[in-house]
Amino acid sequence: MTRTMRAALAPSLLAAAMVTLAACSTPPAQTSRGAVPASASPSAPAGTASPTSTAAEAPAVTLQEAGRVTREILAADDAARAAGAEFYAVDQSRDAQAPITVAAFESTGLRSARYTWGGPALLVPRLRPGRYPYWFAAIVERRDAKGQGRTAVLAFMKQYEAADWRLSFASLLYPGAEPPAVALDEDGYATPLATRDDSIAISPHLMAPLHATIAEEGPKGYAASLIGPGPQTTGYFDEVEKTQPEYKLRGFLYDSLFAATAYPIYALRTTDGGAAILYSLTRTTLRQAKTASAAGLVPVPKDVRWSVGSVVVPSMVRMVETQQYVSQVARRGSTERARIIGFDGAATSVTSR
């Protein structure tokens, strides 16, 4: 979608939707505690981190442009949600955020949840002009229809010169968690880290596979010495350990596997020499009948019944979740374990028979 089309979309779908985002006109916050940034560095070539420039060189993405892009995309997204226009909402997104956006519409009969957004606190890396992809991150307070607020961590990407900016990543800080203190230069720009940067305790490209490992192996596995406990790390292991024997007694197989993705990895230097890292995982959970008495009674999780259309299925149901995480990693040589401080996700694929 071109910038002109994006600007025209909101009023054409719902003029009032723009009012709810008036707060986003707040100037970008010049603080190191405001967003968890990103160094667009997927394993695929399109996401290779752009090299940083010298402080004297004009940045590829300015704070002003980042603020404008954030406001435009959030406004267009809200207008699309208000109108039930799934295609237009998905057109604002890419990477892991695209299937999550699809799920938000499909799971609600095109009545996706709407949010009111505060003013963005921007973390814009100083990138070299012409070296795509361009990207930046933002921390934004998000309120739902009930007025309940959460702190959202967003990352936006422009893959090449003629491409539009799109929302690549969206997660939510855990309640009470503060964003890492990201290091900013004298002009207010952040320092990105390459995917394979080795100046921190866990290189950005290793964060996702190590996270998947601790989720499957738990507190006694190798990754537990590198990543701290939590609901989406050792908590997942505990959940599977509890559920598997319960399902087995009822004649079912239950298994859950975690994996890194090919979506972009984002990382920025923090003031303590460590990094804030944004990345994605998939979780694939299988429920399957293993005995004759269990046939026809395989339970379908409540949150994906919209896709299956039933509370039980004859043989199996496989659910794939796309998950987006925010982590804080210490500098190299530190004994401090990495901490997961933000998470959001959704079931984005369901198959059954």
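One table, with the values for the structure above:
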{"quantity": "Whole-Å distance, taken between Cα centres, linking segment 300-333 and segment 193-225", "calculated": "21 Å"}
{"quantity": "Separation of the Arg331 and Glu239 label points, Cα + 7 Å toward Cβ, nm", "calculated": "3.6 nm"}
{"quantity": "Amide hydrogen neighbours beyond the local backbone of Val298, cut-off 5 Å, H modeled", "calculated": "Val313"}
{"quantity": "Euclidean distance of C-alpha centroids, segment 233-260 and segment 134-157, integer Å", "calculated": "32 Å"}
{"quantity": "HN-Hα J in Hz across segment 135-148 - Karplus 6.51, -1.76, 1.60, θ = phi - 60°, x for Gly and Pro", "calculated": "6, 7, 10, 8, 10, 9, 6, 10, 10, 8, 5, 8, x, 7"}
{"quantity": "Average accessible surface area per residue within segment 199-353, 1.4 Å rolling probe, Å²", "calculated": "44 Å²"}
{"quantity": "Ala295-Ala181 pseudo-label distance in nm [points 7 Å out on the Cα-to-Cβ vector]", "calculated": "6.4 nm"}
{"quantity": "For Trp135, distant residues with modelled amide H under 5 Å away", "calculated": "Lys158"}
{"quantity": "Reachable aspartates and glutamates from Lys158, criterion Cα separation under 15 angstrom, eight or more residues apart if same chain", "calculated": "Glu65, Glu72, Asp91, Asp95"}
{"quantity": "Additional length obtainable on full extension of the chain from Asp144 to Lys248, 0.36 nm per residue less Cα span", "calculated": "33.5 nm"}
{"quantity": "20 °C / 1.002 mPa s Stokes-Einstein diffusion coefficient of segment 194-281, Kirkwood radius on C-alpha pairs, µm²/s", "calculated": "150 µm²/s"}
{"quantity": "Estimated vicinal HN-Hα couplings, Hz - segment 300-311 in sequence order (Karplus 6.51, -1.76, 1.60; Gly, Pro = x)", "calculated": "9, x, 4, 6, 10, 5, 4, 7, 8, x, 7, 8"}
{"quantity": "For segment 75-161, radius of gyration divided by Kirkwood radius, i.e. Rg to Rh on alpha-carbons", "calculated": "1.01"}
{"quantity": "Amide H partners (placed H, <5 Å) of Gly84, local residues excluded", "calculated": "none"}
{"quantity": "HN-Hα J in Hz across segment 252-264 - Karplus 6.51, -1.76, 1.60, θ = phi - 60°, x for Gly and Pro", "calculated": "10, 9, 10, 8, 9, 10, 10, 8, 5, 10, 8, 6, x"}
{"quantity": "Net charge, Gly251 excluded, C-beta distance under 12 Å - Lys, Arg +1, Asp, Glu -1", "calculated": "+3"}
{"quantity": "About the Cα centre, charge dipole magnitude for segment 113-272 (Lys/Arg +1, Asp/Glu -1 at Cβ), debye", "calculated": "460 debye"}
{"quantity": "25 Å Cα-Cα reach of Lys146 towards lysines, excluding residues that sit fewer than 8 places from it in its own chain", "calculated": "Lys302"}
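The values are calculated or read from the model by the stated rules, or taken from the named source; none is laboratory data. What you see is a predicted model; the values in this text were computed from it and never measured. Glycine also receives a Cβ, built like all others from the backbone with ideal geometry; neighbour counts cover every protein chain displayed. In case anyone asks, the SASA skips ligands and DNA or RNA and just uses the protein heavy atoms, side chains included. Shrake-Rupley method; radii C 1.70, N 1.55, O 1.52, S 1.80 Å.
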